[in-house]
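One structure below.
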Amino acid sequence: AKHTGNGSINVYDQTVKQQKYLDDLTLEIELMKAIQSEELTVYYQPKIHSQTGHVNVEALVRWFSQSLGTIPPSVFIPIAEKSPLIEKVTERVVTKVCEDITRFPDIFEKTITSINLSSTMFDEKIVQNSIVSIIKKYGLTPDRFELEITEYTLMKDVERGKETIDFLRGLGFRVVIDDFGVSYSSLNYLKLFSLDGIKIDQSFVQQIDNEEESKEIEIVTFILMLAQKLGLHVTAEGVETESQLTILTDLGCDELQGYYLSKPMAIDALYHASEQASDLIVGQRRTLYLDI
Ligand code: C2E
Ligand code: MG
Ligand code: MG
Ligand code: MG
């Protein structure tokens, strides 16, 4: 270790770094085991059309580790992305989704399921091997799925980004930008890539009904106007209050997603929710709340 006036800082830093490394390594090893087991599963969060009430869902990976407890995707996905583990995780997610679609055909009949695609998976061959081949194995087609990619994914290589998006859409997948608006050149992405839609980041949505901070409503209004002109479908994520729901619906946002409407839930809960709310699909806004 380097010696400075106060050497303990360096030693401390190093210890923290080592600890972090060990933690990451532990997680990586545990995750490797979890992939083979039921510890790694998928929850579904409904996305509800503001006009028709039609429900689509987003698949969100969940890890209920026996030895480590519940570990959120924000912790283990970044670690998985540093290795080929992310492909295994995605294959597990896609397989579970395909199993659920096959097991509950009624729920998924008219439902498009969104899958989050890591930037490291954004490659024709990888998608072909890890996603398309699994879907095919279950006799399903890409038009049942939407792929959510982040702005960060597209930032790295524009030409390759274009090609990959065209390839994916050519296969029949819908492709949307997740967490739209948080990167510094969001508008550029709308210009450069042909997409099906965008998901407005929850940081805008959650401030939209904040009386003091009125900028977000102007920004979201602008995004919606622009998206409409460009023929893009817009989903708002992170809707947590009734007033957010009302404002977004009145502004013409196509699809709404958030805890106020429904939390992510296991397939069994989704099944019961869809049974209880069979008029959900055609109902008014009031009947859309899935109280889980
Ligand atoms: P994301 O794709 O932007 O997903 C939205 C996140 O916000 C989810 O967190 C969801 O549970 C949460 N959320 C939904 N509604 C609300 C709300 O009203 N308020 C608040 N505060 N949060 C809400 P989750 O499931 O923990 O996932 C976090 C991130 O991890 C996801 O962000 C996505 O980037 C990544 N992720 C999740 N599942 C997968 C997966 O299967 N593959 C990959 N590559 N990434 C995944
Ligand atoms: Mg997402
Ligand atoms: Mg998002
Ligand atoms: Mg997000």
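The values are calculated or read from the model by the stated rules, or taken from the named source; none is laboratory data. Note that the coordinates shown come from a computational prediction; the quantities given were computed from them, not determined experimentally. Positions of Cβ are generated from backbone atoms using ideal geometry, with glycine treated the same way; all protein chains shown enter the neighbour counts. Just so you know, the surface numbers come from the protein's heavy atoms only, side chains and all, with ligands and any DNA or RNA stripped out. Shrake-Rupley method; radii C 1.70, N 1.55, O 1.52, S 1.80 Å.
I need the full set of residues from the range 173-184 which are more than 16 Å from ligand 3 (Cβ to nearest atom) and open to solvent by 30 Å² or more (accessible area, probe 1.4 Å), in order please.
Within the range 173-184, the first condition is being more than 16 Å from ligand 3 (Cβ to nearest atom), and the residues that meet it are 173, 184.
Of everything in the range 173-184, just one residue is more than 16 Å from ligand 3 (Cβ to nearest atom) and open to solvent by 30 Å² or more (accessible area, probe 1.4 Å), namely Tyr184.
Give all pairs with beta carbons closer than 7 Å in which a residue from the range 22-36 that is closer than 12 Å to Ser65 by Cα and in contact (Cβ under 8 Å) with a residue 12 or more places away in the chain meets a residue that is assigned to a helix (DSSP H, G or I) and open to solvent by 50 Å² or more (accessible area, probe 1.4 Å); count only pairs at least 6 apart in sequence or on separate chains.
Ile35/Lys88
I need a count of the residues in the range 53-109 that are at pLDDT 95 or above, polar (S, T, N, Q) and open to solvent by less than 20 Å² (accessible area, probe 1.4 Å).
1
Which of the residues spanning the range 20-70 are of a type in the set (A, V, I, L, M, F, W, C) and part of a strand (DSSP E or B)? Talk me through it step by step, then tell me what you get.
Looking only at the range 20-70, we keep the residues that are of a type in the set (A, V, I, L, M, F, W, C), and these are 22, 25, 27, 29, 31-32, 34-35, 40, 42, 48, 55, 57, 59-61, 63-64, 68.
Across the range 20-70, the qualifying residues are Leu40, Val42, Ile48, Val55, Val57, Ala59, Leu60, Val61, Trp63, Phe64.
Among the residues of the range 227-259, how many are more than 15 Å from Thr111 (Cβ to Cβ) and within 16 Å of ligand 4 (Cβ to nearest atom)?
Of the residues in the range 227-259, 10 are more than 15 Å from Thr111 (Cβ to Cβ) and within 16 Å of ligand 4 (Cβ to nearest atom).
May I ask you to list the residues in the range 38-49 that are of a type outside the set (D, E, K, R), within 26 Å of Ile247 (Cβ to Cβ) and crowded, with 22+ Cβ neighbours inside 10 Å? Can you show your working first?
Pass one, the range 38-49, residues of a type outside the set (D, E, K, R): 40-46, 48-49.
Cutting the leftovers down to within 26 Å of Ile247 (Cβ to Cβ) gives us 44-46, 48-49.
Selection gives Tyr44, Pro46, Ile48.
If you check every pair at least six apart or on different chains, which have Cβ atoms under 6 Å apart with a residue in the range 214-239 that is small (Gly, Ala, Ser) first and a residue that is outside any helix (DSSP H, G or I) second?
Close Cβ pairs satisfying both conditions: Ala227/Val234; Ala236/Ile200; Ala236/Cys253; Ala236/Leu256; Gly238/Gln206; Gly238/Gly258.
What number goes with the only condition from (1) within 20 Å of the chain's Cα centre (by Cα); (2) at pLDDT below 95 that Ala273 does not pass?
If we test Ala273 against (1) within 20 Å of the chain's Cα centre (by Cα); (2) at pLDDT below 95, just (1) comes out false.
For the range 253-264, which residues satisfy the criterion of being at pLDDT 95 or above and away from ligand 3 (no atom under 15 Å from the Cβ)?
Result: Asp254, single match.
May I ask you to say which residue of Ser130, Ser185, Ser118, Ser194 is within 16 Å of ligand 4 (Cβ to nearest atom) and without any contact (Cβ under 8 Å) to a residue 60 or more places away in the chain?
Ser118
Residues are listed down the side, and each one gets a yes or a no for (1) under 25 Å from Ser133 (Cβ atoms); (2) touching a strand residue (DSSP E or B) at 6+ places or on another chain (Cβ under 8 Å); (3) within 16 Å of ligand 2 (Cβ to nearest atom); (4) open to solvent by less than 40 Å² (accessible area, probe 1.4 Å):
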{"position": "Thr150", "(1), (2), (3), (4)": "yes, yes, yes, no"}
{"position": "Leu154", "(1), (2), (3), (4)": "yes, yes, yes, yes"}
{"position": "Lys162", "(1), (2), (3), (4)": "yes, no, no, no"}
{"position": "Gly197", "(1), (2), (3), (4)": "no, yes, yes, yes"}
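Would you check which residues across the range 67-107 are in contact with a strand residue (DSSP E or B) (Cβ under 9 Å, 6 or more places away or on another chain) and hydroxyl-bearing (Ser, Thr, Tyr) and list them?
Thr70, Thr90
Among what's in the range 202-248 and is small (Gly, Ala, Ser) and within 17 Å of the chain's Cα centre (by Cα), pick the residue that is most open to solvent (accessible area, probe 1.4 Å). Show your work before the answer.
Of the range 202-248, the ones small (Gly, Ala, Ser) are 203, 214, 227, 231, 236, 238, 243.
The next check asks that each one be within 17 Å of the chain's Cα centre (by Cα); those that pass are 203, 236, 238.
Values: Ser203: 58, Ala236: 0, Gly238: 11 Å².
Across the range 202-248, the extreme among qualifying residues is Ser203.
Quick one: in the range 167-184, which of the residues that are closer than 16 Å to Met121 by Cβ and not in a helix (DSSP H, G or I) is farthest from ligand 2 (Cβ to nearest atom)?
Phe173
Rundown of residues vs (1) within 11 Å of ligand 1 (Cβ to nearest atom); (2) closer than 25 Å to Asn188 by Cβ, yes/no style:
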site	(1), (2)
Met121	yes, yes
Lys136	no, no
Met155	no, yes
Gly161	no, yes
Arg169	no, yes
